[in-house]
Amino acid sequence: MSYLEVNRVSKHYKKNQVLQDVSLDVESGRTLVLFGPSGAGKTVLLRIIAGVVEPSDGTVFIDGEDMAPVEAEHRGVGMAFQNFALFPHMTAYDNIASPLTAEKLPASTIEERVQSVAKLLKIDHVLAQLPRALSNGQKQRTALSRALVGEPPLLLLDDPLRNVDAKLRFEMRLELPRLLSGRGATVVYVTQDYKEAMAMGDKIAVLNEGRIQQYGTPEDVYLRPATIEIARLFGDPVINLFDVTPNQGADGLFASLSGVDIPLPDLSEQIAGSECVLAVRPENLEFVDAKADNAIPVIVEAETPLNEKVITLAMTTGGREILLSRPAGAPGIASGNAHVAIKIDSTLMFDKATSKLLGSNSNESNRGEAA
Amino acid sequence: MQHVSLIERLLRGVALILVVVFFMFPIVWIVLMSFQTNETILRVPPSFIFEPTISNYKALITGKLETSAASLEINFLRNLGNSVLLSVGSVALALLLGVPAAYAFARHKFKGSEDIAFTLLSFRFAPPLLVLLPLSLYFQKIGLADTYIGLIWVYQLICLPLILWIVRGYFEDISPDIENAYRIAGHSWFSTFRKIALPLAGPGIAAAGLLAFIFAWNNFIFALVLASADKQPVTVGALAFVTASGIQYGQIAAAIVLSIAPTLALALYAQRYLVEGLSLGAVKG
Amino acid sequence: MRAYPLTYKKLTPVSTTASKRKRSGFISRAALPYVLSLPALLVCIGILIPFFTAVFYSLQRYRLSQPWAREMNWGENYLNFLTDPGFWATLEVSLLYAVLTVGLELLLGLAIALLLQRRSRVNNFVSIMLLMPLMTAPALAALMFKLMTNQGFGILSYLLALVGVDDFRWGSSPDTALFTVVLVDIWVYTPFIMILLLAGLRSLPTQPFEAAALDGVPRIQQFFRITLPMLTPYILTAALFRLLESIQQFDIIYAMTQGGPGDTLTVFQVEAYLNFFQSTNVGRSAALLMILWAITFFISNIFIKNWLRLRERARGEA
């Protein structure tokens, strides 16, 4: 059963609509990632769940209970804030202990639990410090400890890795899932980083301009993004987008790219003659011999080796920029004329006017909009 | 830094000295006067050289003033005591009323909150007599005339807006997330207010209280209208004293020194708080 | 619902606090801010009542000495002002006092602020010293100056005599009374303007000045073209604030001359006070205060707008 259920929640400040008809549910012990650009309404949604912001409309259920009359302090949630929100006049120890003092636990129990969570997060040596004496990483771990120490059944994490440096972010990205799954808590995790979203989430809700645009598993969102926008947000380097107008040929659908007719997979919709966007992930493009089928002539402009892969920027004869990605070590072409081919089965087709994904069974994953 | 010529530096130095002399001289002179007998005060030409005496302060403290005609009883210490009572009482009441209200105005933008805040602020700028004169008639009817309670209540006219507006600014500067975090950790709004908001706004509350104390101490018109002799603070008492003691100038000077010493000492002690408070937060000190 | 991939192990949820979950407390969320501000609100109302009473009085023929003749006369008190030279004298001296004090204090305060602009130990010391007059009760400051201008032994009278001015009678002559009280006002309140402008000056960005210095712009021009325009919001705020106080000045004038000599210094509040307590003319007194209130209400509206803007800016920077 679902532990957290958000039912048609809307929020507006005066005329400013921040959330519109948002519905979500999270199974007990699972992690939901709220993903979206800044200003999408993720933080407000989190606050509504926590009970420090009241929704203009809609209901939040925790463990089946309507939260409307329940104050924040009685909801039994733990929350870590993006800006840490540590109490500046209390030591790290007192910060972490604050959920326990609220329960009026005996001092020895508090001590024990604070020490154990601090040890787990490797900050047991700075517990006597005030927040201003802590490094950013230590602050972040203190904030996390404070959220975890009360072992709340529902954890809300508001982009907890946003304000820490890259190294720490990398470490925590590995560490956090282990920490969270060990506790069996239901988690709502807010992030703007698609890798974090993929790594953390059992499910991902993509929020934009106050609406849920897609709600599904990480694979769903990556392989069948509901809109062009989501396709662009998920994936690095960014997905290649080609404006095309498919034609019906003798052998099926095809589209013309740089004078080369590329056969397209069959879709359920009739798209021949309508304006579409063909989206190809950089890893689904490969260098081929000039004589290969459907080889598109390009000029290689630049090559950027990253650790595990090599990114190539190339230009078609028609002047379109395309990005290719290949595993490091795989053969490639560093400059000059070359030919590339599209792995056509892995491409996505979007309607240009609505920017919605065409074909496949994309409707199923658009639960947020269908509701 | 730009090059500063010798002449300019000289001129600046002279100007600085003139400024200090103009603003400090009256205080220095009154202090000197308070340690002189009438004899040396009346000397022509006046001189900085004299044999200091504490007889003026002694007379004020014992309450026996020797005038040329007769010995006069005047209880200036009572005025000092009134000043302390009225100022401390007013600030305490203003903090008690103003801090929770400031918190409400800062955290909950409720209906009419801005209107109430502005109404309170506008009292700070309205002519005090407009309220005081009708009030003096009301006070006689309801038995508050010439009582400390009545006076302390009227002093809210200056103390409350000051506390409300300065402290509200400090509350607004606390990130709401810090309070939210404490609520979510399981604490009631009241313990959040006590354990988070109050300590974090502490310096602002202290500054506002200090400033309110100084304004209350220096107030003249409220007690002039509403208090009789035995409830009057030093500001009004000193004026009455001038009339009563006639030409005992040394004692007048000593009374003034005793009256202004507390606020000057507070100002010296906490000057860095004052700047922001004085401008109602228009500049950060 | 989609099924989750099998790789996720099924977790048993920890015991929830649902059973312990309490409803909202004694005071409901919506009522809380009202409850918090209620006491302050009551004081507010307690002050509003005498205010409305004053409006009422101002529309009455009401002398404390003749309670039997009390009756509504509607606008008569106000209409009488038109032909009442005493009223025009009050208006004139009040405005004159306000304009003189604020004008001179602005000039002097700006000059001193510029003098102290650079942070140094001497300058900091001087600016702390300048707090002293501001912390002195204005009524007591007036008494101090009364002692200093005494004809018999006053140091200021003596100094004037040294330069040949023998018959300068300060507060006791109609010719010099205004000058005397303005001097006290300047002594007390110039530091206020100085402090505000000094803080303003020190908060100005330095780049425009550096650029101007590089371009060789003379410092006089720097002052008029850069400093003054950038300082204008501070000057305006300080001036409006002081204007509000100055047009209502009572303490200094009452302590120095009680409005005298004669009726030389019967500014609004002094005149209203004397009307009320000496001639017991409550109606006229209240009408005078209503007119003063109208003036201050007008100024305070402009002031509050300016001040809030400046305050937002200060908080944005901090």
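The values are calculated or read from the model by the stated rules, or taken from the named source; none is laboratory data. Keep in mind that this is a model prediction, so the values were computed, not measured. For neighbour counting, all protein chains shown are included, and Cβ atoms are generated from backbone atoms with ideal geometry for every residue, glycine included. Protein only, heavy atoms only, side chains kept; ligands, DNA and RNA dropped before computing areas. Shrake-Rupley method; radii C 1.70, N 1.55, O 1.52, S 1.80 Å.
So here's what we get for this one:
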quantity	calculated
Per-residue mean of C-beta atoms belonging to partner chains within 10 Å, peptide A:257-265	0
Chain B: relative contact order as a whole-number percent, Cα under 8 Å and 6+ apart	28
Degrees between helix B:234-245 axis and first principal axis of chain B (Cα, 0 to 90, nearest 10)	20
Cα→Cβ-extended label distance, 7 Å offset, between C:Val165 and B:Phe22, nm	1.4
Relative pair counts by distance (%), Cα atoms of region C:87-270, 5 Å bins	1, 8, 14, 17, 15, 14, 11, 8, 6, 3, 2, 0
Drop in accessible area of at least 40 Å² in the complex versus isolated chain, residues of region A:118-158, 1.4 Å probe	A:Pro153
Spin-label pair A:Thr317/C:Arg70, simplified geometry with 7 Å Cα→Cβ offset, distance in nm	10.5
Other-chain or far-sequence residues with amide H under 5 Å of A:Lys356's (modelled H)	A:Asp351
Ranked by how many other beta carbons lie within 10 Å on average, peptides A:159-171, A:323-335 from highest	A:159-171, A:323-335
Chain pair B, C: total accessible area buried, heavy atoms, 1.4 Å probe, Å²	8500
Surface share of carbon and sulfur [accessible, 1.4 angstrom probe, percent] for chain C	65
Selected from B:Gln248, B:Gln36, B:Gln140 as most flexible by GNM, with chain B as the system and alpha-carbon contacts under 10 Å	B:Gln140
Reach of A:Lys203 by Cα under 12 Å, taken over aspartates and glutamates that are not fewer than 8 positions away in the same chain	A:Asp25, A:Glu27, A:Glu219, A:Asp220
Protection proxy ranking of C:171-179, B:167-175 - average other beta-carbon atoms within 10 Å, highest first	B:167-175, C:171-179
Residue-averaged 222 nm ellipticity for chain C, from DSSP H runs of 4+ at -39500 (n - 2.57), nearest 500	-21500 deg cm²/dmol
Within the accessible area of region B:146-285 (1.4 Å probe), percent carbon and sulfur	66
Threshold 40 Å², region B:131-164 residues less accessible with all protein chains present than alone (1.4 Å probe)	B:Val131, B:Leu133, B:Pro134, B:Leu137, B:Tyr138, B:Trp153
Test item: C:289-295 mean partner chain Cβ contacts at 10 Å	3
Sites A:Asp165 and A:Ala328, calculated FRET efficiency, Cβ-Cβ separation with R0 30 Å, nearest 0.05	0.75
Candidates B:Gln232, B:Gln156, B:Gln271, ranked by Gaussian network fluctuation over chain B, Cα under 10 Å, top entry	B:Gln271
Residue among A:Ala143, A:Ala199, A:Ala290 with the largest mean-square fluctuation in a Gaussian network model of chain A, springs linking Cα atoms under 10 Å	A:Ala290
Compactness index (Cα Rg / 2.2 N^0.38 Å), chain C	1.47
Ranked by how many other beta carbons lie within 10 Å on average, peptides B:86-95, C:189-198, C:157-166 from highest	C:189-198, B:86-95, C:157-166
Residue-normalised accessible area of the protein assembly as shown, given per residue in Å² at a 1.4 Å probe	44
Reference-scaled alpha-carbon Rg (2.2 N^0.38 Å with N residues) for the protein assembly as shown	1.26
Listed residue pairs exceeding 24 Å between alpha carbons, taken from A:Lys139/B:Lys109; A:Lys14/B:Lys109; A:Lys11/A:Lys139; A:Lys309/A:Lys352	A:Lys139/B:Lys109; A:Lys11/A:Lys139; A:Lys309/A:Lys352
Test item: C:115-121 mean partner chain Cβ contacts at 10 Å	2
Radius, Kirkwood style, for region A:236-352 when every pair of distinct Cα atoms is counted (Å)	14.6
Nearest 10 degrees, 0 to 90: helix B:6-34 Cα axis against chain B principal axis	70
Radius, Kirkwood style, for chain A when every pair of distinct Cα atoms is counted (Å)	23.0
Nonlocal amide H pairs with A:Tyr3, under 5 Å, H built at 1.01 Å	A:Val26, A:Glu27, A:Ser28
